[in-house]
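First comes the structure, then the notes that go with it.
The values are calculated or read from the model by the stated rules, or taken from the named source; none is laboratory data. Only a predicted model underlies this, so the values are computations on that prediction, with no experimental measurement involved. When we count neighbours, we look across all protein chains shown, and the Cβ atoms used for this are built from the backbone with ideal geometry, even at glycine.
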Amino acid sequence: MQVTKDVIEDLIPVYLAGEASAGTKRLVEEFAAAAPDLARRLKAGADVDATPPALTPDVEVRALARTRRLLRLRGVVLGLAIWFTALPATIVHRNGRTWWLWRESPEYAALSLAAGIVLWVVYYTWGRRLKATGVV
């Protein structure tokens with residue numbers, strides 16, 4: 001198998017992060033010796049401090065608490081979204097009479113459905129936020 005420049009380009013982030021194996025380091029360095037533009041990129045990347053700043057325990061605890069709160073609220077929002085979405089399809093029994101809520105009170109049914117849609121959007125948005133942070 002021939003190692004191409006594309007393969008080396010894919011290995012550069014791993015090399016610069018210091019997570020590459022000895023064989024990978026040797027391969028990237030050998031390829032950089034023959035390609036001056038790649039050698040310049042490696043030198044420029046090595047000058048940048050790639051280590052993330054250390055977090056204090058207080059910051060980590062607050063981030064964990066915020067994530068737990070968001071997960072708990074997301075569960076409540078899910079329950080409310082299901083409730084308000086299903087509410088228009090409920091049967092109401094009052095004064096010996098039975099009817100569908102959406103047929104007898106369409107304004108309440110529409111309002112409930114609108115609230116359900118808003119809650120589903122909030123639930124989906126919070127899910128994407130949690131997924132982006134790697135929590136979910």
Requested in this report: Out of ARG103, ARG69, ARG26, report the one residue that is farther than 30 Å from THR4 by Cβ, among the basic types (Lys, Arg), at pLDDT 85 or above and part of a helix (DSSP H, G or I).
Outcome: ARG69
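Which residue, of LEU80, LEU71, LEU16, is over 25 Å from ARG128 (Cα atoms), of a type in the set (A, V, I, L, M, F, W, C) and surrounded by 12 or more Cβ atoms within 10 Å (Cβ to Cβ)?
Details: LEU80 fails: over 25 Å from ARG128 (Cα atoms); LEU71 fails: over 25 Å from ARG128 (Cα atoms).
Among LEU80, LEU71, LEU16, only LEU16 is over 25 Å from ARG128 (Cα atoms), of a type in the set (A, V, I, L, M, F, W, C) and surrounded by 12 or more Cβ atoms within 10 Å (Cβ to Cβ).
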Requested in this report: Taking LEU130 as the residue in question, decide whether it is hydrophobic (A, V, I, L, M, F, W, C) and touching a Phe, Trp or Tyr at 6+ places or on another chain (Cβ under 9 Å).
Outcome: no
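Of everything in segment 32-66, what is part of a loop (DSSP other than H, G, I, E, B), at pLDDT 80 or above and not aliphatic (A, V, I, L, M)? Give them in sequence order.
Step one: filter segment 32-66 for residues part of a loop (DSSP other than H, G, I, E, B), giving 35, 48-56.
Subsequent filtering for residues that are at pLDDT 80 or above retains 35, 56.
Listed by number, the list holds a single entry, THR56.
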Query raised in the report: Is segment 84-97 home to any residue that is outside any helix (DSSP H, G or I), modelled with pLDDT under 85, surrounded by 12 or more Cβ atoms within 10 Å (Cβ to Cβ) and not aliphatic (A, V, I, L, M)?
Result: no
**Report entry** Residue ID - surrounded by the most Cβ atoms within 10 Å (Cβ to Cβ), chosen from residues in segment 111-136 that are assigned to a helix (DSSP H, G or I) and small (Gly, Ala, Ser)
**Finding:** SER112
